[in-house]
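Below is one structure; the comments refer to it alone.
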Amino acid sequence: MATIVSIGSGKGGVGKSVIAANLAMLLAKRGRRVVLADLDVGGADAHILFGLLNPPRTLTDFVERRVERLDEVLQPISAHPFLQLLPGTGDTLATANLPYAKKKRLIRHFAQLQADIIIVDIGAGTSYHALDFFLMADHYLTVATPDPTSVLDLYRFIKLAAIRRVLSAFLSRDAVSEALSERDFASIDEVIQAVGETDPNARATATRTLQGFQPHLIVNRVSGKSRVNVLQLKKLLKEYVGGELTMLGEIPDDPAMTRAVRSYLPVVEFEPTAPAAVALSGAADALLMELAKPAPIPAESASSPERAA
């Protein structure tokens, strides 16, 4: 069974899709069978990064049942035989506003893909689609820039993902689902307080659920004058969700990245000795080390909180 790694961010424009494409290529180069899945529903562009301007099939074909299996959408990447792309879509309102039943089917079919690692590029922001696709993974990777607003948005994204993860553990229970389905929560403590009235084991359940929520971080576009305060962000997350934030790498602000994108290639292919490419290679090695560790405690189904949406 494939290991799923989701890549999310609190805001757009941080280079998340470029990071995802390069990591997917690097993992394939290291002998893993990799699928890069573009789940930026409504704004997919990963295929462009590989020069595939008009994919013959996209996620829309699966969502609209023009094909029955997700692997029928996969496109080979000529640069490497171990890498396949699941092109996303942004061409219809039907897919940008994916109904719950179709989203649940999509999440379920990911388990049937034949690969060692599936890199899932999630749309930026904190929509229910973004959070649920992020949480369906076995490992979570986030991307931010040193910009203070990017760090703030990242903290908000991780906070809401943690709330969504905890809600998923409780909304599958009829005894408390009604109490939670109409509520909007700003913190996990509010969730625990709400369910505590009907479930005395709520705090223990929330703690167990959060034990598997250990996001990783890649900081992109780092320069000598701008560095994210990772220690402060780690402290906030430790206090809030009780989990650790693992730094996988810092990618320097490198004009080679822009040149690579304009050439429709990952920078690790276009200019492998560039500083950004070298840093991305280190991040890929760090990610493989994390994947080799014992799997975290799995979350409840990420699609179950949809009733709260």
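Might you check whether a residue that is assigned to a loop (DSSP other than H, G, I, E, B), under 29 Å from Met289 (Cα atoms), modelled with pLDDT under 75 and of a type in the set (A, V, I, L, M, F, W, C) occurs anywhere in the stretch 223-241?
yes
Output the residues belonging to the stretch 82-124 that are over 12 Å from Leu59 (Cα atoms), modelled with pLDDT under 90 and not in a helix (DSSP H, G or I).
Passing the criteria: Asn97, Pro99, Ala111, Gly123, Ala124.
Give Val41, Val35, Val14 a once-over and let me know the one that is hydrophobic (A, V, I, L, M, F, W, C), under 16 Å from His129 (Cβ atoms) and not in a helix (DSSP H, G or I).
Criteria check complete, one pass: Val41.
Take the residues in the stretch 167-213 that are closer than 25 Å to Tyr140 by Cα, assigned to a helix (DSSP H, G or I) and acidic (Asp, Glu); name whichever of them is modelled with the lowest pLDDT.
Asp189
Pick out the one residue from Val34, Val63, Val67, Val41 that is buried (at least 18 other Cβ atoms within 10 Å of the Cβ) and modelled with pLDDT of 90 or more. Explain how you work it out, then say what you get.
On the way: Val63 fails: modelled with pLDDT of 90 or more; Val67 fails: buried (at least 18 other Cβ atoms within 10 Å of the Cβ); Val41 fails: modelled with pLDDT of 90 or more.
Sole residue among the options that is buried (at least 18 other Cβ atoms within 10 Å of the Cβ) and modelled with pLDDT of 90 or more: Val34.
Could you say which residue among Ser281, Ser263, Ser223 is in contact with a helix residue (DSSP H, G or I) (Cβ under 7 Å, 6 or more places away or on another chain) and over 21 Å from Gly8 (Cα atoms)?
Residue meeting the stated conditions: Ser263.
The values are calculated or read from the model by the stated rules, or taken from the named source; none is laboratory data. Computed from a prediction, not measured in an experiment: that's the story for all the values here. Positions of Cβ are generated from backbone atoms using ideal geometry, with glycine treated the same way; all protein chains shown enter the neighbour counts.
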